[in-house]
Each structure stands twice: as structure tokens, then as C-alpha cells.
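Worksheet for the structure shown next.
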Amino acid sequence: MLEVSGIIQIFGGVTALDAVSFSVAKGDITGVIGPNGAGKTTLFNIISGIYRQTAGTVLLEGKNVTGFPPERLARLAMVRTFQNIELFGGMTVLENVMVGMHTKSSSGLLACALKIPWSVSEERRIREGAAKWLEFTGILDLSDHAADSLSFGKGRLLEIARALAALPRIILMDEPAAGLNSQETLALAQLIKRIRDLGITVVLVEHDMELVMDICDRIVVLNLGRKLAEGTPREIQESPEVIAAYLGDDD
Amino acid sequence: MQFDQILQYTLSGLSTGAIYALIGIGFSIIYNATGIINFAQGEFVMLGGLFTLSCLEFLKLPLWAAIPCAIAASTLVGILFERLAIRPLKQPTPINLVIITIGGSILIRGIAMLVWGKDTHSVPPFSGDTPIAIGGATILPQHLWIFAITLIIIFLNKVYFYHTISGKAMRACSYNRRAAGLVGIDVRRMVLFSFIISSAMGAVAGIIIAPLTMTAYDVGVMLGLKGFCAAIIGGMSSGLSTVIGGLILGVLESLGAGLISSGYKDAIAFIILLLILFIRPQGLFGKSNSERV
Amino acid sequence: MKRDLLLFAGFSLLVMMAPQFFRGSYLMNVLVFVGINTMLAIALNLLLGYAGQISLGHAGFFGLGAYVSGIMTTTFSVNPWVAMPVAAIVVGGLAFLIGFPILKLKGHYLAMATLGLGIIFYITFNETYEWTGGPSGLSEIPNLQVGGIIFNSDVKNFYLIWGVTLAVMLFALNLANSRVGRALRAVHDSEIAAQVLGVNARLLKVQIFALSAIICSLAGSLYAHTMTFISPTSFGFNFSIELLTMVVIGGLGSIYGSFLGAALLTLLPEILRGANDYDIVIYGGLLVVMVMYMPGGLVRGISALYRKFVKQKPETGHA
């Protein structure tokens, strides 16, 4: 599904990522973990086309997408969410999700402004589709609220609904549990599993070990910009390198 | 003949360029301390000239006393502007800041029009107007004043920014405002300081150029924009690069007006401005990437 | 949806009935200006209020439309109905090309760059006097004509200008609540999130910049053909600022607000006639006061007050 190979990222002389390679199987939930400063978010920013890496390639469904801008990746059915949720604060909850359907609709500027019949029916389809995803994440009752009035937890659900509306085949989530309380985290775990059950491949960066060990099929561990280990949750838990890195053991 | 002409244009270009440099440094100081481009910067240039005029004509002060008074009065306007318009702003988004500094500049200009009228006023030169011959060209004593005062201001600036606590704090703010706040620098105070320094510098620029070009309530608009252009060429530095930016702009303008067409003189600055912003937004001499793109 | 349509129909009806209440060529003339300024304010609002990109050079596009139309119909005797779309294409194309480099800039830098662009246009209008007549202007621009009707009286001009203004308004209202309008607002709120969802932010910004310029050009052409005389002073930096004031007063992202702002700023100098010198002070003061105390603009400010007293559920849609 997703194949990352030899990613190197150098920021002004500092090597943030050093030849990181791993692959994500279709339909899996893959977790990327590692101590602070391991380069997890940098890696995500590279995969999602926000940063341009110093070297290395990214293959999406076998296609080389290295250096593609985020909007092109969205059209290839890869979307992401952000650690500090990035909502469209001035718009309603429903409108936020409607923007998610951008790649799945096509009315251009003139068609919209002139209200050409097919753009009107497309608008109806967008509205219904968006409502469906709000229902999926359980916040349909908040449709008409302004997005910036939501609690952090609900905002997270909205961001996920918005990403799902783009009908991705792969979704990247940057610390989805950050800022959630324990109950919200439990619900999130269920939601992520339901997303996987839709056939969507999930890759997530996460600090909450319990969540990661519970839901992930495979785990990639980064430390100081290098890949430390890769395997099933059980293998990772038993890996001496990982334990050393997390306990701060010197080499 | 041709060479003398070019020398003449270059000399007068350098003196207007020095003015642009002073105004440009004013822009940069505020920008570096606050991230704001103060669209009202040019108005302080206008205020400097007109306050000097009032001090001379109404208060009957001698020139050496009128100038500091005018600088003080313009600086007071700068302080009021920061206190009444910038500081109370609840949503300081870039667009709101652009609008409020534009609004402030129109307000200052409008009040100046009510106070001094729409006429153009002349201000006497500091030391006579006997031309001085240099090679085949001539310059006025006022030109020498402009060069000398600009040099002094740039020197004082250097001393302030590198050898005083408050200047160093201001530089810290320009590198990282949050970090500066965390180490105990009063960032809001620095914002006020930046407005004080740049309104004073604007006023000085306005005072030294007024005897050459005359002054009126609306001279601030163009001078301010040209100063901004100088700052952009210099990469928004509050030092030498902006001075060079101002001088380059002044000379190009003067040569362009003299040798090509005087009607397009003002367009030259803006074409340079657009080219720099499009091609080298970090300024002619800068190398770092910055957030303006 | 229904409510929006009803509101627009009501508004159009009121506008079309205006000549019944306001008689006299002076008043009609003022209302014609309100219409032209409404179009321009909406054009700027699409860019500033929806896409979040400032322009201080819109008077330049307005002027360019007027001059292309004016020169084609006078010097080259082209039919005004042909000249207007040609002007729109020229101005739109130019804006599209400039849009790519200029919209890479953000915030203050974009403001300065567009300001510079506007001034370059203004200087060009003044200096290319073989074409434009320079500072003394271009006169004897022909009126528009449909069949036997020549649009040369104030009442006829009123219907012409307001017919187009209402069409532009409807166009903008439709756009605002559509896929493209949402994408614009998304770019405004979080460019990165919009891109991740597949919105080509850069292209979209350039498109809306060009559309905005085209509306300005249309308004400029209509201005030239109704006034029959144009000169550079109508298209200077001050007018760009006046447009900005209209948009800010009415409210960023509010189409009806743009009408309100345009109406207020067009009528204000007429009301203050005699106190003519004060209007510049008042513009400046209005800008400062609005940004400080009513950053959402008049329409939103008033509806917030209304809700406070009448107590309805919170409004969230964009109008």
C-alpha cells in the first residue's frame, strides 16, 4: 500500500531522519512510535507531501509519489489529520466535512456561481455524503455548530470525519489521541478499528502505548531519526533495543 | 557633458536615497520587533517637516530648537498611535494590522490637512543655498546636511542595537519574540520602543528633506512607500543593507528620471519592489529563507 | 436555501423600486455610483473576505477595464458590447498571469505588492497620454445601446447598472455557498488542511484573483460607458483604500455587507457636502474604529445585536 524507502531529511545540518524505510500492508493499522524528537511528525510531513525530503522515495500503491504536493496525494486517496487539529474554524461542522468531499466532486468556479443544474444536484450529494460521515463519527447532532466552538475531543472527531469524506484508501493520523481523556481514547480506538473495517489502511503516530498496542497490527519504532525496530506489537514489546531506547539506556 | 550629467543625477539620487534609507530602517525596526509593516510610517516623515514649520513660524523658535521640538512632537504621535491603535487590537491578524495602520495613516494625514491646509509649504535650508561645485556637478549645502545626519543616525542606531541593554533586547525580540518574552524581556515595551525609534527617524528624514522638496500634508504616502521599497531591497534589515537599498533606489530613480522619462520616475521604485518581491523576497543581500513567501 | 433566495428577491425588488422613491437626476446619479461601488466591493470581498488575500490595487483593475473599453470605443470605434468582454478578458488574463507570483506573498507583503501594482497602473494611465489622454482624461466615450434604447439618461443608467450589479451579487452569493466558496474559506482558515483534502490552494487563489479583477473590469467598462468621461484620478491609490474601507465596514465575507459598505461610503461624502475636507479624516477614523470594535463588519455587528435582543439560535451560515 505504502512503501517508504531511504528517507533522509536534513534541516540546516541536523539530520532529522536517517535512511528510514518501512512498508505498510493494505488494510493494516500501522503505528509509528518513538520517543520525543525521534522524527515521527517529520516523517508524516514528508509522506503527506508537506515537506520535501533531502533523499528517499515514497511509493503509494506501487506508484512513485515522491515530491507530490498534498493536494495531488489527496486525489490519489491519501489524506491525513494533524496533531493540533486543523479545522476550518469559521465554517460549520457540516461545511468542514463538505470540504472533505472536494476531490470527490468537480463543479468549477463558473458552474458554482451560475448554479448549473448538475452542480446543484452535486451540492445535494455533497451535503448528504458529509452528513453520513458525521453520523459515522457520531457528531451528526453538531452539524450546524461553528467548528471553532467544538471541544478538542469533538474537533478531533470532526477532523477524522472530514478526512474520511475524501474517501481515502489510506489515512495518516498524527497523534489522534493527544489531548483526549481516557474515555474519548477508548472510543477513538473503536472508531479507528471501524475505519479499518471499511477497508481503509491506517497509519498513525502515537504516544499512547496502550492504544497503539491495542489496535495496531504492525508497529514501526523510530529513535533519533533512525528506524529501531519493526514488527507486531508483541515483538516490539519484547525487543531489547526498544526497551533500551524507552528506558533511556545508553548504548 | 554626459558624464557631468550622470554625476549630477547620481549625487542628487544619493541624497534622496539617504532619505529612503532612513524611512526604510524605520519600517524594518518595527517589522523586526513586531512583525508589523507600519503603513503609517510615511506620515511621520510628513509630520517631521510640518512640525518644524510650525515651530519656526508660530512659536518663532530658532532652527536649532525647532528641530528637536518637531522630532519630539512626531514621536509623541508615534506613541499615541501605538497605544491607541496597535496595542488595543483584539485580533491582531496580518490583515487587521494592515487595515488599522492604513486607517491610522489616513487619519493622521487627514488631521494634518485640517491643521496645515492643502498648500505646499517651504522650509528654509539649514545653512543657506549657495551651490557647491563638485567636479562638473553642483550640490546644495542641504545635501551635505542630509548625508551627515544620515550617517550620524545610522551610527547611533548601531550603538543602540549593539551596545545598550534595551537595543539588545530589541534584537532578541526580532530573532524570536516568544523566547525573548520567556527570558524576561518586556516584549510590549519593546513594541512601544520600536514605534518611538522609527517615528523619530521618520521625522528626522522629513525634516532634512523638507528644505529641498517642500512639504505638504500628503508627502508621506510616496516617501513612505519608497522607504518600504528600500527596506525590501535590503531584506528588512535595520542596518547597512537597507541603507544600500535606499541609495540604489535613489540613484536608479534619479538616473531614470533624468535620462529616460520623468513621468515614470515613481513607477521605477514600484517595478523594483515587485521584481524583488517576486524574485528575491529575502532582499538583494539576504540568504535565509523567511516567512514572507 | 429558500430563505436566501427570498432575501435576494426582496432586495432586488427594493432596488428596482428605488427610482419610484428617489427622483431627480442628482439622486439617480448617486445611486448609479452606489451600484458600481457595490460591484467593486463584492469583487474585493471575494478575494479578501473569502480567500483571505488582501489587495490594495483593485482600483487599477477598475481603471484598466475602463480604459480598455474607452480606448477601443473611441480611438478604434469598436462597439461597446464588444469592447466590454474584450476588456474583461484582457484584465482577467493579466490578473491571472500576475496572480501566480503575487499570491505567493502573504499578508503585509501581498498588501505592499498589490499597492505597488495599483500605483504602476495609475502612473501608466497618466503617462501613456497618446492613448489615455493623460491627466486630462478621455472623453466622448459612447453610451451602451440595446436596439433603439440608448443608455444615456440617469434612470436608464440606473436600471442598466443595477441590473448588472444584482447579477454580480447573485453570482457571488451562489459562489459563496458552493463547493468552490467553501474551498476558498477553507484556504482562508487553514491553507495546509485544505491542501491535504485536495484543494489546490495556489491555483484557487489565482483563479479568484482573476475573477475579482474581471468583475472590476466589468464595473470599469460600465463606468466608462455611463459617465462617457474617464480620467486617472478615479483610479488611484485612494480609491483602492476606499474600496477596502467599504469591504471592512460591510464585513469581510458578507456580500450584502459589501452593498452596505459601498452605499455608506458613496452617500457619506454627499451628505457631508460642504464639510468636504473632513471625509478623509472620517474614512481613516472609520477604518480604525471598525477593526477595533466591530471586526466582523456592520452586517454581522447588527445581526449580533439583533440576536442579543430578540434571542434566536446562533446563526452560522454565510450570506
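For the range C:2-310, give the magnitude of the charge dipole about the Cα centre (Cβ charges: +1 Lys/Arg, -1 Asp/Glu; no others), in debye to the nearest 20.
Numbers: 15 positive and 11 negative charges, 238 e Å.
Dipole size: approximately 1140 debye.
Using the Karplus curve 6.51 cos²θ - 1.76 cosθ + 1.60 with θ = phi - 60°, work out ³J(HN,Hα) for each residue of the range A:2-15 in order, rounded to whole Hz, and write x for Gly and Pro.
Per residue, the Karplus-derived 3J(HN,Hα) values read 10, 10, 10, 9, x, 6, 10, 10, 10, 9, x, x, 9, 7 Hz.
For chain C, what does the relative contact order come out to in percent, with C-alpha contacts under 8 Å and a separation of six or more?
Numbers: 461 pairs, mean separation 100.8, N = 319.
With pairs under 8 Å counted, the relative contact order is 32 percent.
Normalise the Debye intensity by I(0) for the protein assembly as shown, one equal point scatterer per Cα, no solvent, then take log10 at q = 0.05, 0.07, 0.10 Å⁻¹ and round to two decimals.
Debye output, listed in q order: -0.33, -0.64, -1.18.
Between Rg and the Kirkwood Rh of the range A:89-167, both from Cα atoms, what is the Rg to Rh ratio? Spell out each step's value before the answer.
Values: Rg = 12.7 Å, Rh = 12.7 Å.
Ratio value, two decimals: 1.01.
Would you please classify the overall shape of the range A:1-110 from the alpha carbon gyration tensor, given that a ≥ b ≥ c denote the square roots of the eigenvalues, rounded means a/c under 1.5, and beyond that prolate means a/b larger than b/c while oblate covers the rest? Please list the in-between numbers first.
Working: a/c = 1.93, a/b = 1.61, b/c = 1.20.
Note, shape of the range A:1-110 comes out prolate.
Stick to the Cα atoms of the range B:200-293, pair each with every other, and give me the Kirkwood hydrodynamic radius in Å at one decimal. Numbers along the way, then the final one.
Values: mean 1/r = 0.0711 Å⁻¹.
After inverting the mean inverse Cα-Cα distance, the result is 14.1 Å.
Taking a virtual spin label 7 Å from the Cα of B:PHE155 along the C-beta vector, which residues in the range B:219-259 bring their backbone nitrogen under 20 Å of it?
B:238-244, B:247
Within the range C:21-112, report the chymotrypsin sites (Phe, Trp or Tyr not before Pro) that DSSP leaves as loop and that have at most 15 other Cβ atoms within 10 Å. Kindly include the intermediate steps, with their values, before the conclusion.
Values: sites: C:PHE21, C:PHE22, C:TYR26, C:PHE33, C:TYR50, C:PHE61, C:PHE62, C:TYR67, C:PHE76, C:TRP81, C:PHE96, C:TYR109; in loops: C:PHE22, C:PHE76.
Those satisfying the criteria are C:PHE22, C:PHE76.
Please report the antiparallel percentage of DSSP beta bridges with both residues in the protein assembly as shown, rounded to the nearest 5. Walk me through the intermediate numbers first.
On the way: 27 of 45 bridges.
Rounded to the nearest five, the antiparallel share is 60 percent.
Would you compute, from DSSP H runs of 4+ residues alone, the mean residue ellipticity of chain B at 222 nm, taking -39500 (n - 2.57) per run and dividing by the full residue count, rounded to the nearest 500?
Working: 11 runs with 209 residues, N = 293.
Per the formula, -24500 deg cm²/dmol.
Greater than 19 Å separation of Cα atoms is the criterion. Which listed pairs, B:LYS90/C:LYS308; A:LYS26/A:LYS227; A:LYS115/C:LYS2; B:LYS60/B:LYS118; A:LYS26/A:LYS104; A:LYS115/C:LYS205, meet it?
Details: B:LYS90/C:LYS308 21 Å; A:LYS26/A:LYS227 21 Å; A:LYS115/C:LYS2 14 Å; B:LYS60/B:LYS118 22 Å; A:LYS26/A:LYS104 22 Å; A:LYS115/C:LYS205 21 Å.
Beyond 19 Å: B:LYS90/C:LYS308; A:LYS26/A:LYS227; B:LYS60/B:LYS118; A:LYS26/A:LYS104; A:LYS115/C:LYS205.
Taking each full run of DSSP H in chain A as one helix, which ones are at least 18 Å long along their axis (Cα atoms) and have mean Kyte-Doolittle hydropathy of at least -0.5?
On the way: long enough: A:117-137 (31 Å, -0.89); A:152-165 (20 Å, 0.49); A:182-197 (23 Å, -0.28).
Sorted by number, the helices that extend far enough and score high enough are A:152-165, A:182-197.
Could you list, bin by bin from short to long, the percent of Cα-Cα pairs of the range B:1-131 in 5 Å steps?
Result returned by the calculation: 2, 9, 15, 18, 17, 14, 11, 7, 5, 2, 1, 0, 0.
Running a GNM on chain B with Cα contacts under 10 Å, which residue among B:ILE71, B:ILE185, B:ILE165 ends up with the highest mean-square fluctuation?
Residue with maximal mean-square fluctuation among B:ILE71, B:ILE185, B:ILE165: B:ILE165.
Other chains' Cβ within 10 Å of A:70-80 residues: what's the mean? Walk me through the numbers on the way to the answer.
Details: counts 10, 11, 3, 3, 7, 2, 1, 1, 2, 3, 4.
Whole-number average of other-chain Cβ neighbours for A:70-80 is 4.
Which cross-chain or sequence-distant (5 or more) residues have an amide H under 5 Å from the amide H of A:LEU222, H modelled 1.01 Å from N in plane?
A:ILE33, A:GLY34, A:LEU228
Rg over Rh of chain B, using C-alpha atoms and the Kirkwood radius, what does it come to? Working shown, then result.
Details: Rg = 18.7 Å, Rh = 19.4 Å.
With Rg and the Kirkwood Rh in hand, the quotient comes to 0.97.
Work out which trypsin sites (Lys or Arg not before Pro) in chain C are exposed loop sites (DSSP not H, G, I, E or B, at most 12 other Cβ within 10 Å) and give the longest gap free of them. List each step's numbers first, then the result.
On the way: sites that count: C:ARG23, C:ARG273, C:LYS311.
Segment C:24-272 is the longest.
Applying 1/(1 + (r/R0)^6) with R0 = 35 Å to the Cβ-Cβ distance of C:ILE89 and B:SER262, what FRET efficiency is obtained, to the nearest 0.05? Intermediate results must be reported in sequence, preceding the final value.
Details: r = 34 Å, r/R0 = 0.96.
Calculated value: 0.55.
Give the Cα extents of chain C along the principal axes, in whole Å, largest first.
55, 48, 42
Kirkwood hydrodynamic radius, computed over distinct alpha-carbon pairs, for chain A: how many Å, to one decimal? Intermediate results must be reported in sequence, preceding the final value.
Details: mean 1/r = 0.0526 Å⁻¹.
Value: 19.0 Å, from the Cα pair sum.
Which of C:PRO295, C:GLY107, C:ALA95 sits closest to the plus end of the dipole of the range C:2-310, meaning its Cα is farthest towards the positive end, when Lys and Arg get +1 and Asp and Glu get -1 on the C-beta?
C:PRO295
Could you give the longest part of chain B that holds none of the trypsin sites (Lys or Arg not before Pro) found in DSSP loops with at most 14 neighbouring Cβ atoms within 10 Å?
Values: sites that count: B:LYS60, B:LYS90, B:LYS118, B:LYS287.
With a cap of 14 other Cβ atoms within 10 Å, the longest stretch comes to B:119-286.
Could you list the chymotrypsin sites (Phe, Trp or Tyr not before Pro) in the range C:212-242 that lie in coil according to DSSP, counting only those with at most 14 other Cβ atoms within 10 Å of their Cβ?
Working: sites: C:TYR223, C:PHE229, C:PHE235, C:PHE237, C:PHE239; in loops: C:PHE229.
Hits after loop and neighbour filter: C:PHE229.
Kindly write out, for the range B:118-125 in residue order, the coupling ³J(HN,Hα) from the Karplus curve 6.51 cos²θ - 1.76 cosθ + 1.60 (θ = phi - 60°), rounded to whole Hz, with x marking Gly and Pro.
Result, rounded to whole Hz: 8, 6, 8, 10, 9, 10, x, x.
Which of B:PRO68, B:PRO88, B:PRO125 moves most in a GNM of chain B, Cα contacts under 10 Å?
Comparing B:PRO68, B:PRO88, B:PRO125 in the GNM, the peak value goes to B:PRO88.
Working from Cα positions, state the angle (0 to 90°, nearest 10) between the long axis of helix B:240-259 and the longest principal axis of chain B.
The angle comes out near 40 degrees.
For the range C:1-125, what's the radius of gyration and Dmax over Cα atoms, in angstrom?
Here Rg and the maximum Cα pair distance are 17.8, 48 Å.
Over the C-alpha atoms of the range B:129-240, what are the Rg and the largest Cα-to-Cα span, Dmax, in Å?
For the range B:129-240, the Cα-based Rg and Dmax read 17.5, 58 Å.
Net charge around A:ARG234, counting only other residues with Cβ within less than 14 Å of its Cβ (Lys, Arg = +1; Asp, Glu = -1)?
-4
For labels at B:VAL115 and B:ARG189 in the simple 7 Å Cα→Cβ model, what's the distance in nm?
2.9
How much net charge surrounds A:ALA165 when only other residues with a Cβ under 10 Å from its Cβ are counted (Lys, Arg +1; Asp, Glu -1)? All intermediate terms of the calculation are to be shown ahead of the outcome.
Numbers: positive: A:LYS104, A:LYS132, A:ARG162; negative: none.
Net local charge, A:ALA165 excluded: +3.
What is the ratio of the Cα radius of gyration of the range B:47-105 to 2.2 N^0.38 Å, with N the residue count, to two decimals?
On the way: Rg = 15.2 Å, N = 59, 2.2 N^0.38 = 10.4 Å.
Cα Rg divided by the expected 2.2 N^0.38 Å: 1.46.
Values quoted throughout were computed directly from the atomic coordinates according to the rules given, and no laboratory measurement underlies them. In this text the structure is predicted, and so the values were computed from the model without any measurement. Quick reminder, even Gly has a Cβ in these numbers, built from the backbone with ideal geometry, and neighbours come from all protein chains shown.
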